[in-house]
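Just below is one structure, and these are the notes that go with it.
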Amino acid sequence: MAKPLRIAILGAGGLGKGMVQRVGLSPDFKTVAIVDRDAYLFDPAGLSYEAVQNLKHVKDHQDGIPSLQPIKDLFQTHADEIDVVFVALPNLPVTFIPDVIRMIATETPFRGVMVDALKRTSAVERVLELDELLQSRQILYITGAGATPGFLSTVAAVAAQSFVEVTGVDIRFGVGIAHWSAYRATVREDFIHLPGFDAERVAAMSDAEIEAELEQRNGIIELVNMEHADDIILELAGICRKEQVTVGGIVDTRNAKKPVSTQVTIFGRTAAGVEAKHVMTLDDASTMVDNVCGPALGFLRTGYRNYCKAHYGVLTSADLIPRGPVETRAMASV
């Protein structure tokens with residue numbers, strides 16, 4: 001591409017700021033906007049990581065534009081100056097991001113490519129329901145395009161191609177954060193998966209209450225059998241049934257070092273009938289900026305190429321890689 005893709009980042013927490021940092025290392029992108037709940041910041045010349053890294057709120061920046069509806073105002077004013085969008089908003093309640101997408105499509109003139117790093121199956125399912133709307137509005141949307149789902153689920157889908165049949169996919173992640181407040185939204189979403197918690201309870205909790213819960217757990221969040229969209233994404237890609245996918249991990253909210261390595265294991269049967277597995281382990285030196293923001297930019301690149309060929313609607317990250325035979329067999333039986 002002759003010019004850098006102009007990217008708007010929805011969300012100015014740890015993930016949103018991390019994307020600004022990552023974009024600064026990618027000459028084919030330029031961050032032109034960042035938004036939080038109270039304001040947006042737009043600069044056609046590009047925003048640097050240094051300009052936003054210490055901002056507590058976007059409105060604190062000298063050029064921040066306060067608003068009661070900052071996302072809508074941004075796209076109504078600057079839609080023709082934005083090529084692609086990274087959605088890094090907190091998804092509490094589970095309908096929040098799908099509702100934001102619907103608003104952008106129906107109430108603003110934006111036309112382009114959007115990706116998210118959504119994690120919950122129920123949220124991704126709601127995004128998939130927007131396919132016809134986004135097709136009609138000439139928007140290409142790629143969901144589940146972060147680390148997991150995204151990076152790891154697509155690795156699993158590619159590795160699965162060497163098996164005649166996939167019998168299971170297991171994703172185990174380790175995340176280290178120097179202090180939980182750097183990734184408030186991510187930690188809150190993780191709390192939803194703990195016994196005794198749900199989206200409504202977590203949404204109502206203050207930061208002090210989150211802090212107290214973390215204190216009781218020595219800063220460690222251990223997650224088992226999560227509702228994670230890797231399952232629906234791999235099922236839609238024809239790799240395996242969603243119930244054959246398991247996801248869990250450990251998050252240390254007090255130390256930047258990962259408590260365990262992140263690993264994806266694909267179990268299957270070879271052409272010779274032997275039960276086997278592929279295992280991929282991520283280097284512990286890689287962070288959320290590397291493993292969420294980096295792949296998201298890759299999906300934006302691929303998405304923009306498809307968009308330029310007039311491909312619109314909703315795709316999952318796994319739609320952009322080799323598919324499995326499960327869906328094909330189902331289609332053939334209709």
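The values are calculated or read from the model by the stated rules, or taken from the named source; none is laboratory data. Worth saying up front: this structure is predicted, and the values here are computed from it rather than measured. All Cβ positions, glycine included, derive from the backbone under ideal geometry; neighbour counts span all protein chains shown.
Are there any strands (runs of 3 or more DSSP E) wholly within the range 236-334 with 1 or more residues that are of a type outside the set (Asp, Glu) and surrounded by fewer than 15 Cβ atoms within 10 Å (Cβ to Cβ), and if so which? Quick ask: steps written out before the conclusion?
Values: elements: 245-252, 263-269, 275-281, 313-316.
Of the strands (runs of 3 or more DSSP E) lying wholly inside the range 236-334, those with at least 1 residues that are of a type outside the set (Asp, Glu) and surrounded by fewer than 15 Cβ atoms within 10 Å (Cβ to Cβ) span 263-269, 275-281.
Listed here are the residues, each with its yes/no results for (1) touching a strand residue (DSSP E or B) at 6+ places or on another chain (Cβ under 7 Å); (2) surrounded by fewer than 22 Cβ atoms within 10 Å (Cβ to Cβ); (3) closer than 20 Å to residue 20 by Cβ.
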{"position": "102", "(1), (2), (3)": "no, yes, no"}
{"position": "117", "(1), (2), (3)": "yes, no, yes"}
{"position": "126", "(1), (2), (3)": "no, yes, no"}
{"position": "134", "(1), (2), (3)": "yes, yes, no"}
{"position": "137", "(1), (2), (3)": "no, yes, no"}
{"position": "148", "(1), (2), (3)": "yes, no, no"}
{"position": "164", "(1), (2), (3)": "yes, yes, no"}
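When 204, 199, 208 are checked against the criterion of being surrounded by 13 or more Cβ atoms within 10 Å (Cβ to Cβ) and either closer than 30 Å to residue 273 by Cα or outside the structural domain of residue 315 (by TED's automatic domain parsing) (or both), a single residue qualifies: 199.
Among residues belonging to the range 33-61 that are modelled with pLDDT under 95 and polar (S, T, N, Q), point out the one that is farthest from residue 23 (Cα to Cα). The qualifying residue farthest from residue 23 (Cα to Cα) is 54.
Of the residues that make up the range 81-91, is at least one among the acidic types (Asp, Glu), surrounded by fewer than 16 Cβ atoms within 10 Å (Cβ to Cβ), assigned to a helix (DSSP H, G or I) and assigned by TED's automatic domain parsing to the domain that holds residue 15? Give the steps one after another, and end with the answer.
To start, the set of residues in the range 81-91 that are among the acidic types (Asp, Glu) comprises 81, 83.
Restricting the remaining residues to those that are surrounded by fewer than 16 Cβ atoms within 10 Å (Cβ to Cβ) gives 81.
Filter once more, keeping what is assigned to a helix (DSSP H, G or I): 81.
Imposing the further condition that a residue be assigned by TED's automatic domain parsing to the domain that holds residue 15 reduces the set to 81.
Yes, that holds for at least one residue.
When restricted to residues that are in contact with a Lys or Arg (Cβ under 7 Å, 6 or more places away or on another chain) and crowded, with 16+ Cβ neighbours inside 10 Å, the range 50-69 contains 1. Scoring residue 167 on the criteria (1) assigned to a helix (DSSP H, G or I); (2) more than 17 Å from the chain's Cα centre (by Cα); (3) of a type in the set (Ser, Thr, Tyr) leaves a single failure, condition (1).
Tell me the residue from 179, 193 that is surrounded by fewer than 17 Cβ atoms within 10 Å (Cβ to Cβ), modelled with pLDDT under 95 and farther than 26 Å from residue 311 by Cα, please.
Working: 193 fails: surrounded by fewer than 17 Cβ atoms within 10 Å (Cβ to Cβ).
After ruling out the rest, the residue left standing is 179.
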